[in-house]
């Protein structure tokens, strides 16, 4: 990216000088420094909470202009009673609370060091150590100064400093007399005053951390991030497009950590507590770049037809059969899931339900709730020595195999694909052979259409009388009517089902099933992977894949794209080309670049049955004509410039 910065510096030199005046509290950092200082200096005060409330109120009054700034400053210092040692602790905390979009654009501050000013009504003691680490020059930091006594206690501040008084920033800008255009970025009323006084060309209300209504109404632009500011002003950044313009829609109560991670990255995140119908999603998907769902939302070809900006879909679960993968691939939309994140949770539920069922606990518990005391060992067995038959030996089946064996069970499994047995598990040649031998049958297959009614009347007829039957895989793989009949006939002595052919779209909808009110039957609302640990793991894993794809182009763990793990890009631009998998596309891409005398630094190509995925890194500036020609290559599905 170095060449790009050089280019923009040359551009800047040819134009009138631009100066960037940035506020510190709640702009450069996520917080008001005095609010954080309160937790430090007032830690041992009995009225800590009351003082903190007063400080926050006074800060807001100063920010929105309802209290004179000098009054606000004097009141807050009197309440805080800080010492030098408190300020040192404050600096250490503030270093970790720099706004995310400023951290993303650290190189900008270094390249434009002569043109960046920090002007704050805060104090040098805690501002200088934080901002100078970004390359901002000490002489370009304008702030107040504390006065200390011999013991290091703050006893006041320099009242001759214009920044300690009303309209202090206005007066300071007058004294600077900057010879060029002035752009002000801040969140407070004192920042707006600079533009109001005619000393700035534009005022950008910074809302990444806080929104003040009175300030927003006076702004030329509202900028949710520093990326947005740089993008609006055609200044160089570390990214090609501000992330706050990338809309993320997360459905079905995904874990809060996913929301937190994606908002911290700068994305504009919207959430919805339930699944959406096809019609609802067709409407809401417009202008969405990233969609996150769980198991109940179905992303059909019709939905994808309405997705005019969609780049990626994330299934915050194991399966992806609720997504039309062919349609997504055809539109150049990468799909990610979390194939390993909830494995342990599903396995633990299977073990627990198996033990409960083989002991007949569901029926005994129901009787107890009705006041019936039925103390008996009839129909109650240990799992030790029993044969567990696993249909499907993927991640969940294999881990269940290991735990069941440690309980003393003999494990049999059947899988259409060749899978290496773990421990002493035995692979059987046919489904019939497994069902004839197993005391407990547990389903762990995927949701492909060919697995519909994998277990129906014929398969139930192969099972041993008194078998325990468990389905924690997919609802459509079992014939529900046949299952009900075999439970009622007692061919199946105990049953647990976590997944159903139709599932309510939200907790407000009634669950309707032929399996309700059956003996020794455990029904759970698709919660096999619903533990706090599993949901947190998924909430971290899927957003990481989203962000890696958007930030670098890497498609590691995508279920429908060729998997590419890419190196970090330095001093180059990255071009991403998704196309139908036909011969000659790579040659055409390189022909366009050669015609424009653009050298390729690195190039990566991978294909699958449907698409080809080409990443090209170049180290030369390019014009719009290059982009236009690359987009125009026949069979192009999507093209984007990453940097």
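General observations
- Breaking point among (1) under 35 Å from the mean Cα position of the chain (by Cα); (2) at pLDDT 90 or above, for residue 57: (2)
- Selected residue [surrounded by 22 or more Cβ atoms within 10 Å (Cβ to Cβ), over 20 Å from residue 29 (Cβ atoms) and either free of Cβ contacts under 8 Å to residues at least 40 places away in the same chain or touching a strand residue (DSSP E or B) at 6+ places or on another chain (Cβ under 9 Å) (or both)] from 200, 205: 200
- Of all residues making up region 546-570, the number that are touching a helix residue (DSSP H, G or I) at 6+ places or on another chain (Cβ under 9 Å), closer than 16 Å to residue 638 by Cα and part of a loop (DSSP other than H, G, I, E, B): 4
- Residue match in region 534-543 (condition: assigned by TED's automatic domain parsing to the domain that holds residue 315, in contact with a strand residue (DSSP E or B) (Cβ under 7 Å, 6 or more places away or on another chain), in contact (Cβ under 8 Å) with a residue 24 or more places away in the chain and surrounded by 15 or more Cβ atoms within 10 Å (Cβ to Cβ)): yes
- Residue match in region 473-487 (condition: surrounded by 15 or more Cβ atoms within 10 Å (Cβ to Cβ), farther than 26 Å from residue 320 by Cα and touching a helix residue (DSSP H, G or I) at 6+ places or on another chain (Cβ under 6 Å)): yes
- In summary, residue 125 fulfils each of the numbered conditions (1) in contact with a helix residue (DSSP H, G or I) (Cβ under 7 Å, 6 or more places away or on another chain); (2) assigned to a loop (DSSP other than H, G, I, E, B) with the single exception of condition (2).
So that you can scan it fast, the table gives a plain yes or no per residue for (1) touching a residue at least 24 places away in the same chain (Cβ under 8 Å); (2) part of a helix (DSSP H, G or I); (3) closer than 15 Å to residue 549 by Cα:
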site: 579; (1), (2), (3): yes, no, no
site: 591; (1), (2), (3): no, yes, no
site: 594; (1), (2), (3): no, yes, no
site: 633; (1), (2), (3): yes, no, no
site: 640; (1), (2), (3): yes, no, yes
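- Output for region 164-182, where each listed residue is surrounded by fewer than 23 Cβ atoms within 10 Å (Cβ to Cβ) and within 40 Å of the chain's Cα centre (by Cα): 181, 182
- The condition of being in contact with a strand residue (DSSP E or B) (Cβ under 8 Å, 6 or more places away or on another chain) and in the same structural domain as residue 299 (by TED's automatic domain parsing) holds for only one of 360, 332, that being 332.
- Helices (runs of 4 or more DSSP H) contained in region 27-85 and holding at least 2 residues outside the structural domain of residue 223 (by TED's automatic domain parsing): none
- Considering region 446-472, and only residues there that are crowded, with 17+ Cβ neighbours inside 10 Å and at pLDDT below 95, the residue that is farthest from residue 413 (Cα to Cα) turns out to be 447.
The values are calculated or read from the model by the stated rules, or taken from the named source; none is laboratory data. This structure is a prediction, so every number in the text was calculated from the model and none was measured. Using ideal geometry, Cβ is built from the backbone for each residue, glycine included, and neighbour counts are taken over all protein chains shown.
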